[in-house]
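Engineer: Here's a structure for you.
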Amino acid sequence: MTRNVSVPVGLTASPSDIISCFTPVIDLQGGSTTPGATFAWSGPGGYTANTVDAETDVPGNYTLTVTNPANGCTASTATVVLADTATPANVTASNNGPLNCINTSVTISSSTTTPGVDFTWVTPGNTFIAGATAVVTVPGTYTIQVTNNGNGCFSQAITTVVQNTTGCPGTTAVAELVNGRSIAGFAVDSLTGFAYKTYPNPASTTAFIEFASPVGCFVTVGIYNTSGGLERLLFSSTAVAGQTYKLALGVAGLSAGTHFCVIRNGGRLYSSKLILVK
């Protein structure tokens, strides 16, 4: 009488990857050269699976038991599943505000002790700014998301930009006069009489910026992105007193979303949000 006590041969067991925020679920890959063999996995926390390949999201030691269907004999092999889910450490967020009559923009800053990371700011308007630092002009809560490039895991922190414009010269969107000329619809600096408006808003093809000053002065008009970078310089010259200037901004080449029209008149600055849609 011949006894068949052959155990399964050619066993293999290995994970498909390391568990991370990029790959939160990985495969357990098994195998055997024994024809018709059946497979049973066991692992941490009572983990079981009865397929040659299985999925897991838990690191630890796993055992693959293979059964020879001809005689019920078994053989086992083991493998280790590793995990890299460390988030960036010691993430900070701060700003050098507040916004006020003199400081019309502030710098938001973030840092971490973890190397090899990306920084992305989420603004109060739910737009995004890349980089550890950025110049902003809008008050509110800014959230920094710092992502570990090695495993995709991230940490967050917040900083709140405060605005204090008590006592600042105001602007009013009412009809005023510049050298006797009606400028209804303009925003007007009640202290200097400088008037300006940006329209249409949002703009899809062309936006227009108009301004007028009751006195001759040097004026610059620029379009800036949400990171504070100059995208277009539309005007840089001495404005004639009482003359209304109309500037056209073609939106081609500019990204859809939020931009800022910034007008500098001598030592004063006027800023208005401009939304571009495409």
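A short reminder: the numbers here are calculations on the coordinates, not readings from a lab. This one's a predicted model, so the numbers in the text were calculated from it and none came from an experiment. Don't worry about glycine lacking a Cβ; one is built from the backbone with ideal geometry, like all the others, and counts go over all protein chains shown.
Engineer: So, in nm, how far is label Phe208 from label Thr192 when the simple model puts each one 7 Å beyond its Cα toward the Cβ?
Structural biologist: Placing both labels 7 Å beyond Cα along the Cβ direction yields 2.4 nm.
Engineer: Just for the chain, what percent of DSSP beta bridges are antiparallel, to the closest 5? Working shown, then result.
Structural biologist: Details: 90 of 93 bridges.
Within the chain, antiparallel bridges account for around 95 percent of the total.
Engineer: Which whole-number percent gives the relative contact order of the chain, counting Cα pairs below 8 Å spaced six or more residues apart?
Structural biologist: Details: 681 pairs, mean separation 31.2, N = 278.
Result for the chain is 11 percent.
Engineer: What size of dipole, in debye to the nearest 20, comes out for the chain about its Cα centre when the only charges are +1 on Lys and Arg C-beta atoms and -1 on Asp and Glu C-beta atoms? Let's see the in-between values first.
Structural biologist: Numbers: 9 positive and 11 negative charges, 201 e Å.
Computed charge dipole of the chain: roughly 960 debye.
Engineer: Treat each spin label as a single point 7 Å out from the Cα along the C-beta direction, and report the Lys278 to Asp84 distance in nm.
Structural biologist: Result for the modelled spin labels: 3.6 nm.
Engineer: Can you pull the three principal axis extents for the Cα set of the chain, in Å, largest first?
Structural biologist: Projected onto its principal axes, the Cα set of the chain covers 121, 37, 27 Å.
Engineer: Quick one: Cα centre-to-centre distance for the stretch 1-70 and the stretch 214-260, in angstrom?
Structural biologist: 66 Å
Engineer: Give me the number: length gained by fully extending Ser271 to Ser94, i.e. 0.36 nm times residue separation minus the C-alpha to C-alpha distance, one decimal in nm. Write down the numbers at each step before the final one.
Structural biologist: Details: separation 177, 0.36 × 177 = 63.72 nm, distance 2.33 nm.
Roughly 61.4 nm would be gained on extension.
Engineer: Tell me the relative contact order for the stretch 92-161 as a rounded percent, counting alpha carbon contacts under 8 Å between residues six or more apart. Walk me through the numbers before you get to the answer.
Structural biologist: Details: 152 pairs, mean separation 24.0, N = 70.
Over the stretch 92-161, the number comes to 34 percent.
Engineer: Between Glu231 and Thr258, what length comes free when the chain is fully extended (0.36 nm per residue of separation minus the Cα-Cα distance, one decimal in nm)?
Structural biologist: Details: separation 27, 0.36 × 27 = 9.72 nm, distance 1.23 nm.
That pair, Glu231 and Thr258, stretches by 8.5 nm at full extension.
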